[in-house]
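Worksheet for the structure shown next.
The values are calculated or read from the model by the stated rules, or taken from the named source; none is laboratory data. Predicted, not measured: the structure shown is a model, and the values here were computed from it. Here the Cβ is made from the backbone with ideal geometry for all residues, glycine too, and neighbour counts use every protein chain on show.
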Amino acid sequence: MTMSPRAYSRIFALLVFGCGTITGMLADHYWEARSVRAAITVTNESRPHVIEKVRQELNLTDQQTKEMEAILDDASRDFDSLHMQAHEVRRQTMDRIRAILTEDQKPKFEAAVTKLQRTITPSSSAQ
């Protein structure tokens, strides 16, 4: 049985779209992970210094400083929640994709995902 050129075009378009979707999800994951690591670094290591600098530059009162710290704490919790939600959406998306694949396609998909992850995730020696 031969396929028409139109059928090949549709299959090709779907494959390109699928690869683009997976690449986008992995790139988003990489960007988010890098951003979260940067935020954690600022939060854990230098947040008191940053707050003190802002306090001095803006001449904040003790009450303003406490309120600013509370606002930053709320924002940190909100970002943590969003990060967990994004992670869950990515996981569900990948599970849904795996569910539609044949047993022959699944190992190829996993290999492609692993290859993309290595491509967009820096090696540990670069960090």
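Observations on the model:
- Applying the criterion of being in a helix (DSSP H, G or I) and among the small types (G, A, S) to the residues of the stretch 1-26, the residue that is surrounded by the most Cβ atoms within 10 Å (Cβ to Cβ) is G18.
- Restricting the stretch 47-70 to residues that are more than 28 Å from the chain's Cα centre (by Cα) and β-branched (V, I, T), the residue that is modelled with the highest pLDDT: T61
Results for (1) under 25 Å from G20 (Cβ atoms); (2) charged (D, E, K, R); (3) not in a helix (DSSP H, G or I), shown as yes or no for each residue.
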{"site": "I51", "(1), (2), (3)": "no, no, no"}
{"site": "A70", "(1), (2), (3)": "no, no, no"}
{"site": "D74", "(1), (2), (3)": "no, yes, no"}
{"site": "A86", "(1), (2), (3)": "yes, no, no"}
{"site": "F109", "(1), (2), (3)": "yes, no, no"}
{"site": "T114", "(1), (2), (3)": "yes, no, no"}
{"site": "Q117", "(1), (2), (3)": "yes, no, no"}
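- In this entry, D104 is excluded by the filter for residues that are of a type outside the set (S, T, N, Q), under 30 Å from P48 (Cα atoms) and exposed (fewer than 13 other Cβ atoms within 10 Å of the Cβ).
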